[in-house]
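Undergrad: One structure is given below, represented as structure tokens, and several questions about it will come after.
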Amino acid sequence: MTFVGSRFGEREEELVDLDQEEIITQAGRCLMQTYGRLPLALVRGEGAYVWDAAGRRYLDFVSGLAVNGLGHCHPRVVEAIRAQAGVLMHCSNLYHIEPQVRLAGLLIENSALDRVFFCNSGAEAVETAIKLARKWAKKRHGPERYEIITALQSFHGRTLAAIAATGQPKYQQGFEPLPPGFSYVPFNDLDALRAAVGEHTCAVMLEPVQGEGGVNVAAPDYLPGVRALCDELGLLLILDEVQTGIGRTGRFFAHEHYGITPDIMSLAKSLGAGFPIGAALAREDVAAAFTPGDHASTFGGNPLACAAATAAVETILESGFLDQVTRTAGHFRRRLEELRARFPMIKEVRGLGMLIGAELNRDAAKAVQGRCQESGLLINAIGDRILRFLPPLTVTTAEVDAAVDILTTALAQESEG
Ligand code: PMP
């Protein structure tokens, strides 16, 4: 056992069994090689910062891919987990679970939807939404209505139905045959959507901002247009807010920016502030399609996860919190626009709230990401053209400026090189 705690300064109690190189070597030997991991092992986090196993500190503008909305180890979330862990850590859904009821109440009070099913991840929330839409449509319209239309460049998770729903062949290849009943249309194209609706269609599923697909924001009139089309044709509108929900875009849900409400919504990521939890929400009459025995999850709505999520949601819904997110995100966006004016390699800056992408006009995203990492800033590269920035919602203006300084140097070096 290597004692590396002293490298963390004040936190002498930190113990890490393996040093960074050993962790990376062991990962290569014993984990299924499903991820193209960066050569860093992160061992501690606090606020907007994380530390690697070698004791180096980074500003974290990845936030566990939009999970650590409250930054790392938010005291309120840590305390809620501690308190609940000593009371009831797990309990079967054969029984009623008080923390589940509290969290569901909070989500319902703050959305236009009426009922919640808890699960453990985004993909499971999407699976729940798909199953519910099919069940509803069969009851409402008959057995031939099962198809769900999704968008090209969408991302809905990695389970089989979720990759079938995902409008990107690269996630599907090698895993065929996929569950049938999905078709894809270009995002932000209402005419294409109308043309794609057929006799089997039961629902449309969209992300308000396509996160994994490259930070593509729904046009202001697109979601209202889709809502009207769904109402006209008797289709359900499912919004996948796994990445955009729970404050990420400066509103509690991203669809609030568009003045519409979905019939079903999937949530995960930021919901548990780092604790794995997902949820599918639905309107009362849609949720009624599920009857006892239809759907279940052993861990779904686990008391510990619900206690963490309740603390997270209460914090995000406190007066002024989301206004502050919007202000800081506006500052970050302006700083990125300044960089675009200065560096021709930045083609476009786009996003909503604290979900921001910068598209480059050449394959340099991985190189820029690597340079930032060397200088103490973690950002995400989607392919080699798009930089994605997902700071904690609690990030300060000073932390944004520190990140922009590092990014500026990285872009300058990459522009020269
Ligand atoms: N839907 C969306 C919109 C997502 O961004 C993601 C994760 N990136 C998922 C679903 C899948 O979530 P999970 O990885 O928790 O299964």
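The values are calculated or read from the model by the stated rules, or taken from the named source; none is laboratory data. For clarity, every value in this text was computed on a predicted model and none was experimentally measured. Don't worry about glycine lacking a Cβ; one is built from the backbone with ideal geometry, like all the others, and counts go over all protein chains shown.
Undergrad: When you scan segment 153-173, do you find a residue that is away from the ligand (no atom under 12 Å from the Cβ), part of a strand (DSSP E or B) and surrounded by fewer than 18 Cβ atoms within 10 Å (Cβ to Cβ), even just one?
TA: No, the conditions are met nowhere in segment 153-173.
Undergrad: Check every one of the helices (runs of 4 or more DSSP H) wholly within segment 53-148 and list those with 2 or more residues that are within 16 Å of the ligand (Cβ to nearest atom) and buried (at least 18 other Cβ atoms within 10 Å of the Cβ). Please lay out each step first, then the result.
TA: Numbers: elements: 63-66, 75-85, 98-109, 122-141.
By residue number, 63-66, 122-141.
Undergrad: Pick from VAL368, VAL349, VAL400: which is out of contact with any Lys or Arg (no Cβ under 9 Å at 6 or more places or on another chain), at pLDDT 95 or above and not charged (D, E, K, R)?
TA: Values: VAL349 fails: out of contact with any Lys or Arg (no Cβ under 9 Å at 6 or more places or on another chain); VAL400 fails: out of contact with any Lys or Arg (no Cβ under 9 Å at 6 or more places or on another chain).
From the options VAL368, VAL349, VAL400, the qualifying one is VAL368.
Undergrad: Moving to a separate point now. Please list, ordered by residue number, the helices (runs of 4 or more DSSP H) wholly in segment 175-290 having 1 or more residues that are away from the ligand (no atom under 16 Å from the Cβ) and within 30 Å of ASP384 (Cβ to Cβ).
TA: Values: elements: 190-196, 222-233, 284-287.
Output list reads 190-196, 222-233.
Undergrad: It is to be established whether one or more residues within segment 218-237 are buried (at least 19 other Cβ atoms within 10 Å of the Cβ), β-branched (Val, Ile, Thr) and within 17 Å of the chain's Cα centre (by Cα).
TA: The answer is no, given that none of the residues of segment 218-237 is buried (at least 19 other Cβ atoms within 10 Å of the Cβ), β-branched (Val, Ile, Thr) and within 17 Å of the chain's Cα centre (by Cα).
Undergrad: How do the helices (runs of 4 or more DSSP H) wholly within segment 299-417 filter down when requiring 3 or more residues that are under 30 Å from ARG82 (Cβ atoms): which remain? Even if it seems obvious, please write down each step before you answer.
TA: On the way: elements: 303-316, 321-342, 365-374, 397-416.
Once the helices (runs of 4 or more DSSP H) in segment 299-417 are filtered for at least 3 residues that are under 30 Å from ARG82 (Cβ atoms), what remains is 303-316, 321-342.
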